[in-house]
1. Can you run down the residue pairs with Cβ atoms below 9 Å, 6 or more apart or on separate chains, where the first is in the stretch 305-316 and among the polar types (S, T, N, Q) and the partner is modelled with pLDDT of 75 or more and surrounded by 14 or more Cβ atoms within 10 Å (Cβ to Cβ)?
2. Six or more apart or on different chains, Cβ under 8 Å: which pairs go from a residue in the stretch 580-600 that's under 29 Å from Glu641 (Cβ atoms) to one that's hydrophobic (A, V, I, L, M, F, W, C) and not in a helix (DSSP H, G or I)? Could you list them?
3. Restricting to the stretch 149-178, name every residue that is open to solvent by less than 50 Å² (accessible area, probe 1.4 Å) and either in a loop (DSSP other than H, G, I, E, B) or in contact with a helix residue (DSSP H, G or I) (Cβ under 7 Å, 6 or more places away or on another chain) (or both).
4. What pairs can you find where one residue is in the stretch 410-431 and closer than 12 Å to Ile310 by Cβ, the other is buried (at least 17 other Cβ atoms within 10 Å of the Cβ), and their Cβ atoms are less than 6 Å apart, with a gap of 6+ or different chains?
5. Test each condition in (1) farther than 20 Å from Ala361 by Cβ; (2) open to solvent by 10 Å² or more (accessible area, probe 1.4 Å) for Gly490 and report the one that comes out false.
6. Out of all the residues in the stretch 238-261, is one or more open to solvent by less than 50 Å² (accessible area, probe 1.4 Å) and either among the charged types (D, E, K, R) or not in a helix (DSSP H, G or I) (or both)?
7. Output yes when any residue across the stretch 269-278 is without any contact (Cβ under 8 Å) to a residue 40 or more places away in the chain, out of contact with any Cys (no Cβ under 9 Å at 6 or more places or on another chain), among the acidic types (Asp, Glu) and open to solvent by 100 Å² or more (accessible area, probe 1.4 Å), and no when none is.
8. Hey, Ala427 hits all of (1) surrounded by fewer than 19 Cβ atoms within 10 Å (Cβ to Cβ); (2) touching a strand residue (DSSP E or B) at 6+ places or on another chain (Cβ under 9 Å) but one; which does it fall short on?
Amino acid sequence: MTVLQVADLRYGFAGDTLFESVTFTLALGERAALVAPNGAGKSTLLRLIAGEIEPDQGTVVRKRDITFGYYRQSHELAASGDVLGAFLSCFGDVVGLRAELSQAQEDAASGSEEALDRLSTLQDRYHLARGDELEREVGILANKLGFSDADLARPVETLSGGERGRLQLGVVLAQKPDLLLLDEPTNHLDLDTIGWLESYLVGYRGAVLIVSHDRAFLDTVAPATMELGVRALRVYPLKYSDYSVAREEDMARENAVAARQEAMIAKTEDFIRKNIAGQKTKQAQSRRKMLDKVERIDRAEDVWNTAEKIVFRFAPANRSGDIVLDARGLAASRGGRELFSGVDLLVRRGERIGIVGPNGAGKSTLMKLLAGRGAPEDESSIKRGTNLQEGYFDQHLGQVDPALTAVDNVRRVRGDFTVEAARQYLARFRFYGDDTLRVVSGFSGGERTRLALAKLLLEPRNLLFLDEPTNHMDIPAAEILEEALVGFEGTVILVSHDRRFLEKTTTRLITVRDAHVDIYPGGFRDWSDMRERVEAEESAKLREEKERERAASKRAESKKNEAKAAAAPVAEKKASYDQQRQASREREKRVKRVGELENSIALGEAELSVLRDKLKGDPGGDWARLAELATKEQALAKRLEAMMSEWTKLSEGA
């Protein structure tokens, strides 16, 4: 069932078009990623769908009577009271009853018969309203999002920014809406919670539209990718990593077609100019009429290439000693809870060490200790190497003064910069024109992150401490930072939950979990592969145990059945035989259908290959034929996808 229809949508600011011709639909069970560089209008499109702003043109139709949930990356949380109450805030009746029940429990302490009767009545009403059941469901959801049972009683006002973000996400998910919009849902989640959210969304029954810079997350949860451009929306029935490959092929093919048309038009116009007044006037006039009827093909819009690129360039720094840090006996506790103790770590020049673990485990605390920024009560003995030039990126962006402009922030570090020199430097980080003179308090999260990195790179560094550097970064910026760090000649210690970023940059990994620190000799990819092998082995053991239990149960059941069969009347035996024969027929039908599908898929793939070869060829000016071929190619690709899906399901049961 289609729950969202977007048709010919256009939106802009001050006469400038942000995007136009946006058309798509979403049905229950469909999940799509919305991708584009920062500033392309992804969050604006979500706001249009949510009905918070009106489009300049086009329509947004949400099916009547569907439930709707919208997680904003700005974490606008109006809830008050305790955390459990905030989670339940979307269930108005239950919240009201819960408040009444709480008051009734206090009144019942008096022991009066009237108060006790009211308490009993409200308890019954709360139960009938599914209040107890909702509390259990919400409690499980809260635990998955990193809130302990004790946290559920905390006042919302005491939560940190990251905790408020997770709470807001939980409030939206608790509704289980038919249409779910998620704008950067992983920004404040650790790896464990991201893994849980992936599983939750993969099995989600509603329609989901996701904006995220986490490429691994998009690959897992979104089998379709929608690319937002100025001129149109490109829709691919592919996960992000496959989309990024397919779009390059599409760009090349579409630009080749446009180039051939441009060459044909140029050649025809040249003929017209040379012959319009000569002996071939009629031919020239005929070709002019033909050109007037030609529908011009634009070059493909490449939103990623046209996006302004950040330039991460490290200032030349001295070569540090081969031993950068020799840390012994690192220990830290917070709020009476031990985070870690007895940690020894030797850091060598050129290493890129990643620190991972659940939220609150002590990742940032460990990095602060290594950077010499620990709390007075922490324990550490660290010998620092020679010629160190250190830089620290704080995930809370404390190194950026919100009261100053971007230019003034830069000049605080480099007093020798003129205003113009500071503006030229900031242009490398996608700050242009009046943006450089804006006060930072009005900046978005992505803009503040870019400014913080700009300040960090103003001076020579050969040892970098980076705490969640890709938060709020779009995909191109994160990829450029990856490349810069891989080519960095110094040493890097970083905390991140971005798996692609960790895979590309780390050479060694530290895990912090349950007051224990493990140091793995390989990078994040090696560590992930190791974890998968261990989990696969544990799962295999569990399967073997269950299989043995099932086999024993079957043997026992078989003996029972044999005893029953010996005493059963002939009619029961015949019924059992008929059931077995019916099951056998069903299996034969599945096997036969699998064979038919395999033949059809093989023929379809061959036909698809022929169509794609024709699309790559010269259309000879027959653009209508080219459009017809493209339509056939898309329809055939969808049929093949459906047959493959059916073949997979039948093969599992064949």
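1. Close Cβ pairs satisfying both conditions: Asn305/Met251; Thr306/Pro37; Thr306/Gly229; Thr306/Val230.
2. Between residues of the stretch 580-600 that are under 29 Å from Glu641 (Cβ atoms) and residues that are hydrophobic (A, V, I, L, M, F, W, C) and not in a helix (DSSP H, G or I), the close pairs are Arg587/Ala654; Arg590/Ala654; Val591/Ala654; Val594/Ala654.
3. Selection gives Asp151, Leu152, Val156, Leu159, Leu167, Gly170, Val171, Leu173, Ala174, Pro177, Asp178.
4. Leu426/Ala406; Leu426/Thr436; Phe429/Ile310; Phe429/Arg450; Phe429/Ala454; Arg430/Ile310; Phe431/Ala406
5. Every condition holds for Gly490 apart from (2).
6. yes
7. No, the stretch 269-278 contains no residue that is without any contact (Cβ under 8 Å) to a residue 40 or more places away in the chain, out of contact with any Cys (no Cβ under 9 Å at 6 or more places or on another chain), among the acidic types (Asp, Glu) and open to solvent by 100 Å² or more (accessible area, probe 1.4 Å).
8. Only one criterion in (1) surrounded by fewer than 19 Cβ atoms within 10 Å (Cβ to Cβ); (2) touching a strand residue (DSSP E or B) at 6+ places or on another chain (Cβ under 9 Å) is unmet by Ala427, namely (2).
The values are calculated or read from the model by the stated rules, or taken from the named source; none is laboratory data. Worth saying up front: this structure is predicted, and the values here are computed from it rather than measured. Quick reminder, even Gly has a Cβ in these numbers, built from the backbone with ideal geometry, and neighbours come from all protein chains shown. The accessibility values were calculated without ligands, DNA or RNA, using every heavy atom of the protein model including side chains. Shrake-Rupley method; radii C 1.70, N 1.55, O 1.52, S 1.80 Å.
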